[in-house]
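Novice: Sharing a structure, written as structure tokens. Questions coming.
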């Protein structure tokens, strides 16, 4: 095993992060992309591109631990609807619709649609994304101001007051290293900070320069083509889901995210590689096997995260997608993590009586 791969494996096993930083950013990047938290837009425009440095952990596993990779692939093979990001939805009497899995990133590899997705998008009359509010920064800010308790401590609590004393100095130093003065985020909820620091520098640079994430690009292209635009959630829905998780879980996630450092880039790069290969069924097996749990408390926290941020939202998305499907001709784009599994959006739509088939 080469030194870099060894360091990544040791850090992941030691920290028991389980990819929470990656999950946070995949779910909330579309929202946080509209807020210039880390790099002011004016300073970033015209700046040279920032190179991405993340390593594909699957390639490292194939090289250094092929047995573990084989186990991940075997588990993924059992995941219902675990292959494919583009799905055709049919109902008698109306034009077919399509369900498309996205990543909330501006990475050019992600934003570039394949030919079949372009064809499905082009033939649609309505584009539906998770929330249309993220397209308007004024609406984002209004939603946050209307519900300040979802993103900020509104009482005497501060971030550091919730961090174990033994970890405070390290947390302050880690924030400072990333150009975030601890005092500037003292009243911010920890999951907001986790999402800020969990993106690779290259992705921060793209967004700060104005590059839209895939979901926003689809919405913009749809509007430009005269298509109707719809959403499945509100910002308050998304913020409320994340804020509902135990504070201890969020604090631990922030500490571990900061400790993981550049290895977060490797997790994100691996997610991109899986997404481009349309291996959505490998997401969860990868998290569980490559970034093992640290104990019962971590397992319980991860289960709560999965239920709140994935499963419960899957049900909401399927319910709210139904009217668009019934009208016909919809192109419905949701995060790819919401597609696979027995409780994924695909299976939930089938339970509603729709015929859903993969387009590969």
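Novice: For a Förster distance of 22 Å, can you work out the FRET efficiency between the beta-carbons of residue 319 and residue 359, rounded to the nearest 0.05?
Specialist: After rounding to 0.05, the efficiency reads 0.40.
Novice: Where does each of 124-130, 342-348, 77-83 land if you order them by average Cβ count within 10 Å, highest first?
Specialist: 124-130, 342-348, 77-83
Novice: I'm checking a number: the convex hull volume of the Cα atoms of the stretch 115-160, normalised per residue, in Å³. What is it?
Specialist: So the per-residue Cα hull volume is 121 Å³.
Novice: Right, something else. Taking neighbour Cβ counts within 10 Å as the exposure measure, how do 168, 315 sort from fewest upward?
Specialist: 315, 168
Novice: Obtain the nm distance between the two label points defined at residue 146 and residue 77 by a simple spin-label model: each point lies 7 Å from its Cα along the Cα-to-C-beta direction.
Specialist: 4.9
Novice: Here's another thing I want to ask about it. Please give the Cα centre distance for the stretch 153-200 versus the stretch 210-284, rounded to the nearest Å.
Specialist: Centre-to-centre distance over Cα atoms comes out at 21 Å.
Novice: Say each of residue 118 and residue 262 gets a label point 7 Å from the Cα, pointing the same way as Cα to Cβ; how far apart are those two points in nm?
Specialist: Modelled inter-label distance: 3.6 nm.
Novice: Taking the convex hull of the alpha carbon atoms in the stretch 218-272, what volume per residue do you get, in Å³?
Specialist: About 123 Å³ per residue, rounded to a whole number.
Novice: Right, next: Would you mind calculating the relative contact order of the stretch 101-204 from Cα pairs under 8 angstrom and at least 6 residues apart, reporting the percent as a whole number?
Specialist: 26
Novice: Okay, moving on. I want to check the label-to-label distance for residue 162 and residue 304. Put each point 7 Å from Cα in the C-beta direction and report it in nm to one decimal.
Specialist: A separation of 1.1 nm, rounded to one decimal place.
Novice: In what order do 64, 265 fall by count of nearby beta-carbon atoms within 10 Å, going from fewest to most?
Specialist: Details: 64 16, 265 20.
Ascending number of Cβ neighbours within 10 Å: 64, 265.
Novice: Take the Cβ-Cβ distance between residue 137 and residue 173 as r, set R0 to 30 Å, and report the resulting FRET efficiency rounded to the nearest 0.05.
Specialist: It comes out at approximately 0.40.
None of the figures in this text is laboratory data; all of them are computed from the coordinates on show. What you see is a predicted model; the values in this text were computed from it and never measured. Glycine also receives a Cβ, built like all others from the backbone with ideal geometry; neighbour counts cover every protein chain displayed.
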